[in-house]
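Here's the structure we're looking at; comments come further down.
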Amino acid sequence: MSPFIAEILGTFLLMLLGNGVVANVLLKNTNGENSGWIVITTGWALAVYVAVLVAGPYSGAHINPAVTVALAVAGLFEWTSVPSYILAQFIGAMLGSFTVWIFYKDHYESTEDGASKLATFCNLPAIKNIPLNFFCEVIGTFVLLIAVFYIADPELTLENEGVVAFGLGSLGALPVALVVWAVGLSLGGTTGYAINPARDLGPRIVYSLVPMKHRITHWWYAWIPVAGPIAGGVLAAVVYLLLL
């Protein structure tokens, strides 16, 4: 499997399971309706585990443009490969989100609350405060990336041009999943912790294209889950290099 295909498949699985758990909790008449934030954060963490498990050996399982850019800034990934990785991540995110829409189509039609529908695709803040919303995305992504830098083996990552080595075989994906779980539980309540531009913008585009009743306005916020995570990833890379 090529790195490009691995990033598509990994990000597809991330979105299928991640947005899938949100749909299961928020949409009407599902078996998981109203099961709460713990279920959502746990589902997202496990989605990361599955995605990293599958894509890790072939692409390093960036599955996130913020990860790709941060690794490049830190000198652990070739800049020439950044565009293809990000393109693959957006393709995978959009395919995964579209599949969730098909999977839960009956439940989308049963749900009248537009905000709940939107949340199964992308994010809006719990309280609109643009500077603070941006700050929250920066810090959440910083925590994710600083942990990834210390989980990965830099020497082996350099040798494999960005195929990050976590060790422990299939359990190597577990530390990353636990970090995402921690971010969601502790820092996710303000903005929904996008911490991944492809995870938000790709599905946001899909949300705008599929047939949807009770659609709500959302593009005013779209830049924050893109710029915030990129800034947080770059900040983590700079701190990592300084600490070296």
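The values are calculated or read from the model by the stated rules, or taken from the named source; none is laboratory data. What you are looking at is a predicted structure, and each value in this text was computed from that prediction instead of being measured. Glycine gets a Cβ as well: all are built from the backbone with ideal geometry, and neighbour counts include every protein chain shown.
I'd like the full set of residues that are more than 17 Å from Ser97 (Cβ to Cβ) and modelled with pLDDT of 95 or more, limited to the stretch 200-220.
If we filter the stretch 200-220 for residues that are more than 17 Å from Ser97 (Cβ to Cβ), which is where we start, we get 213-214, 217, 220.
Across the stretch 200-220, the qualifying residue is only Trp220.
Among residues of the stretch 201-217 that are under 18 Å from Leu95 (Cβ atoms), those with a Cβ under 6 angstrom from a residue that is of a type in the set (Ser, Thr, Tyr), sequence gap 6+ or separate chain, pair up as Pro203/Ser97; Val206/Ser97.
With respect to the conditions (1) surrounded by fewer than 22 Cβ atoms within 10 Å (Cβ to Cβ); (2) touching an Asp or Glu at 6+ places or on another chain (Cβ under 9 Å), Phe103 falls short on a single one, namely (2).
Does any residue of the stretch 23-32 turn out to be touching a Gly at 6+ places or on another chain (Cβ under 8 Å) and closer than 17 Å to Asp200 by Cβ?
No, the stretch 23-32 contains no residue that is touching a Gly at 6+ places or on another chain (Cβ under 8 Å) and closer than 17 Å to Asp200 by Cβ.
Determine whether the stretch 99-118 contains at least one residue that is closer than 25 Å to Ala231 by Cα, aromatic (Phe, Trp, Tyr) and in contact with a helix residue (DSSP H, G or I) (Cβ under 8 Å, 6 or more places away or on another chain). No: zero hits. Considering the stretch 207-229 alone, what residues qualify as being farther than 17 Å from Ala115 by Cβ and crowded, with 20+ Cβ neighbours inside 10 Å? Answer for the stretch 207-229, where residues must be farther than 17 Å from Ala115 by Cβ and crowded, with 20+ Cβ neighbours inside 10 Å: Gly228, Pro229. Residue under question is Ala119, and the condition is that it be at pLDDT 95 or above and either closer than 24 Å to Ala51 by Cβ or in contact with a Pro (Cβ under 8 Å, 6 or more places away or on another chain) (or both); does it hold? Considered against the rule, which asks whether it is at pLDDT 95 or above and either closer than 24 Å to Ala51 by Cβ or in contact with a Pro (Cβ under 8 Å, 6 or more places away or on another chain) (or both), Ala119 comes out as yes. Only one of Gly75, Gly36, Gly32, Gly56 is crowded, with 20+ Cβ neighbours inside 10 Å and of a type in the set (Gly, Ala, Ser); which? Among Gly75, Gly36, Gly32, Gly56, only Gly56 is crowded, with 20+ Cβ neighbours inside 10 Å and of a type in the set (Gly, Ala, Ser). Residues of the stretch 1-29 that are closer than 20 Å to Lys105 by Cβ, surrounded by 15 or more Cβ atoms within 10 Å (Cβ to Cβ), in contact (Cβ under 8 Å) with a residue 24 or more places away in the chain and over 17 Å from the mean Cα position of the chain (by Cα): Asn24, Leu26, Leu27, Lys28.
Just for the stretch 103-131: of the residues that are charged (D, E, K, R) and out of contact with any Phe, Trp or Tyr (no Cβ under 7 Å at 6 or more places or on another chain), which one is farthest from Thr217 (Cα to Cα)?
Going through the stretch 103-131, the residues charged (D, E, K, R) turn out to be 105-106, 109, 112-113, 117, 128.
Cutting the leftovers down to out of contact with any Phe, Trp or Tyr (no Cβ under 7 Å at 6 or more places or on another chain) gives us 105-106, 109, 112-113, 128.
Working: Lys105: 21, Asp106: 22, Glu109: 18, Glu112: 15, Asp113: 13, Lys128: 13 Å.
Here the answer is Asp106.
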